[in-house]
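Reading through the structure tokens given below for one structure.
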Amino acid sequence: MDLSGRTRLADEDECRGPPRKGFSPENFARDTLAVHGGTLFEGLTGAVSVPIYQSSTFRHPGLGESTGFDYSRGTNPTRLELENTVARLEGASYGLAFGSGMGAISAFIKLFKPGDHILVSEDLYGGTYRLFNDFYRHYGFSFSWVDTSDADKLRAGMGDNTRAVFVETPSNPMMKVTDIRLCAELIHKNRGILAVDNTFLSPYFQNPLALGADLVVHSGTKYLGGHNDTLSGFLVHSRDDLEEPLRNIQKSEGACLGPFDSWLTLRGIKTLALRMERHGQNGRRIAEWLRGNGRVEKVFYTGFEDHPQFALSSSQARGHGGMVSFYLKDSADVPVILRSVSLILFAESLGGVESLITYPLVQTHSAIPEAMRLSAGVNERLMRLSAGIEDPDDLIADLDAAFGRCKRGC
Ligand SMILES: *Cc1c(COP(=O)(O)O)cnc(C)c1O
């Protein structure tokens with residue numbers, strides 16, 4: 001078995017142990033790929049769950065010989081299995097796993113050179129803004145922050161030196177939807193790269209490569225891992241010309257995912273389809289309940305038919321996910337709600353089995369300057385909820401009790 005430095009999916013027959021008759025993952029649906037997405041069957045024992053290869057280095061049979069694994073910063077069997085699984089779920093040829101979503105985004109930036117301009121969604125994960133603005137800007141990259149859900153602004157933001165467009169869709173936390181096909185068309189005229197952060201919908205609901213994107217980014221910490229127990233991040237793509245540079249960045253920087261975290265993420269992915277269905281159902285129940293509540297001014301949820309980009313969203317995604325944001329009428333309710341929820345946890349992050357409520361102003365988006373934050377819509381009345389997979393009636397009862405306390409003004 002020779003797997004050195006590559007995750008090419010097509011030619012992995014040799015890394016199987018006991019042959020599985022007629023096993024052809026390329027024909028499987030997403031639900032099946034989530035369970036059987038990799039191909040690294042452990043031939044020695046026939047272990048059904050891919051082992052945690054907790055080894056930093058691998059013994060060479062002789063000079064100039066390798067099992068395909070040399071040193072775990074370069075490649076590790078558990079990580080490779082995960083990389084292949086996530087690649088397959090996105091319909092991609094290649095996958096690279098990093099220590100977190102930010103590690104993946106940091107690797108993406110290193111494809112570019114000082115002087116290059118990168119157009120970025122203005123409404124996006126605060127950590128991504130911080131990474132670009134506080135760090136990479138000082139290395140000579142230029143970034144502009146654009147409401148990419150507005151086609152005119154997107155067109156106007158493209159310059160001759162624009163080498164990449166980086167978008168989140170739906171966006172975090174305002175749930176704006178960007179036209180992936182249009183972004184691809186515009187940046188490809190410049191021979192540039194479209195990267196889509198697909199964390200919010202996961203590959204179960206949206207596959208940006210099929211819509212023309214060049215790279216997909218995931219924070220695997222969220223829906224892919226799904227259990228609020230590990231960090232991970234991914235870049236997936238089908239560009240032969242990008243694979244070697246990206247693999248080299250991953251190997252050289254050392255922000256790669258460790259074997260145990262790779263295994264946890266793999267295990268999480270096995271139930272991705274079941275979880276996403278329930279996240280989606282619970283998200284809708286909560287969005288509808290919030291919309292009917294007198295203390296709520298507005299609900300941001302892509303599954304509402306009157307969401308401004310409902311048609312676009314339905315044309316590029318198969319579902320609406322479990323994320324719901326909302327404006328309260330009165331910011332005085334925020335501390336009451338955060339203190340009063342008991343089943344729903346007041347914690348940063350999203351996409352896990354436990355429902356979480358966040359206050360973007362002071363948590364996920366605190367790194368974004370006030371003017372930009374406000375122009376994106378992140379104000380002191382905005383809350384964001386990640387619907388978990390609990391019983392929806394219990395979630396609604398918890399919200400009802402917490403909102404009830406606001407009325408009493410405690
Ligand atoms: C969490 C998140 C990230 C960062 O990922 P980490 O795994 O926390 O490093 C990037 N993008 C989005 C949309 C996120 O939600």
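The values are calculated or read from the model by the stated rules, or taken from the named source; none is laboratory data. The shown structure was predicted, so the numbers you read here are calculated from the model rather than taken from an experiment. FYI the Cβ positions are ideal-geometry reconstructions off the backbone, even for glycines, and counts take in every protein chain you see.
At a glance:
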{"item": "Search result, residues across segment 35-61 that are modelled with pLDDT of 95 or more and more than 26 Å from residue 94 (Cβ to Cβ)", "result": "59"}
{"item": "Residue within segment 93-106 that is more than 15 Å from the ligand (Cβ to nearest atom), part of a loop (DSSP other than H, G, I, E, B) and in contact with a Ser or Thr (Cβ under 9 Å, 6 or more places away or on another chain) present", "result": "yes"}
{"item": "Of the criteria (1) of a type outside the set (S, T, N, Q); (2) over 26 Å from residue 113 (Cα atoms); (3) more than 16 Å from the ligand (Cβ to nearest atom), which one residue 244 fails", "result": "(2)"}
{"item": "Test result for residue 154, in contact with a helix residue (DSSP H, G or I) (Cβ under 6 Å, 6 or more places away or on another chain) and either away from the ligand (no atom under 16 Å from the Cβ) or in the same structural domain as residue 257 (by TED's automatic domain parsing) (or both)", "result": "no"}
{"item": "Qualifying positions in segment 185-211 - within 14 Å of the ligand (Cβ to nearest atom) and part of a loop (DSSP other than H, G, I, E, B)", "result": "198, 199, 200, 201, 206"}
{"item": "Scan of segment 219-237 for residues that are within 19 Å of residue 321 (Cβ to Cβ) and within 8 Å of the ligand (Cβ to nearest atom), ordered by number", "result": "219, 220, 221, 222, 232, 233"}
{"item": "Selection status of residue 305, within 16 Å of the ligand (Cβ to nearest atom), of a type in the set (Asp, Glu) and under 22 Å from residue 202 (Cα atoms)", "result": "no"}
{"item": "Top-ranked residue in segment 364-396 [being without any contact (Cβ under 8 Å) to a residue 40 or more places away in the chain and not charged (D, E, K, R); ranked as surrounded by the fewest Cβ atoms within 10 Å (Cβ to Cβ)]", "result": "371"}
{"item": "Qualifying positions in segment 109-128 - in a helix (DSSP H, G or I) and within 11 Å of the ligand (Cβ to nearest atom)", "result": "126, 127, 128"}
{"item": "Selected residue (only one of 123, 150, 134 is surrounded by 20 or more Cβ atoms within 10 Å (Cβ to Cβ), under 28 Å from residue 382 (Cα atoms) and among the acidic types (Asp, Glu))", "result": "123"}
{"item": "Residue satisfying condition, being more than 16 Å from the ligand (Cβ to nearest atom) and either part of a loop (DSSP other than H, G, I, E, B) or outside the structural domain of residue 318 (by TED's automatic domain parsing) (or both), within set 131, 182", "result": "182"}
{"item": "Within segment 336-388, tally of residues that are part of a helix (DSSP H, G or I) and under 27 Å from residue 144 (Cβ atoms)", "result": "7"}
{"item": "Index of the failed condition, residue 287 passing every other in (1) without any contact (Cβ under 8 Å) to a residue 40 or more places away in the chain; (2) surrounded by fewer than 23 Cβ atoms within 10 Å (Cβ to Cβ); (3) away from the ligand (no atom under 16 Å from the Cβ)", "result": "(2)"}
{"item": "Residue in segment 54-73 that is buried (at least 22 other Cβ atoms within 10 Å of the Cβ) and in a helix (DSSP H, G or I) present", "result": "no"}
{"item": "Index of the failed condition, residue 306 passing every other in (1) assigned to a loop (DSSP other than H, G, I, E, B); (2) within 24 Å of the chain's Cα centre (by Cα)", "result": "(2)"}
{"item": "Residues located in segment 346-356, provided they are within 16 Å of the ligand (Cβ to nearest atom) and farther than 14 Å from residue 282 by Cα", "result": "347, 348, 349"}
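To keep it simple, each residue is scored yes or no on (1) touching a residue at least 40 places away in the same chain (Cβ under 8 Å); (2) within 17 Å of residue 364 (Cβ to Cβ).
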{"position": "85", "(1), (2)": "yes, no"}
{"position": "89", "(1), (2)": "yes, no"}
{"position": "94", "(1), (2)": "yes, no"}
{"position": "122", "(1), (2)": "yes, yes"}
{"position": "136", "(1), (2)": "no, no"}
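Matching residues to (1) surrounded by fewer than 17 Cβ atoms within 10 Å (Cβ to Cβ); (2) not hydrophobic (A, V, I, L, M, F, W, C):
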site	(1), (2)
296	no, no
314	yes, yes
328	no, no
336	no, no
340	no, yes
347	yes, no
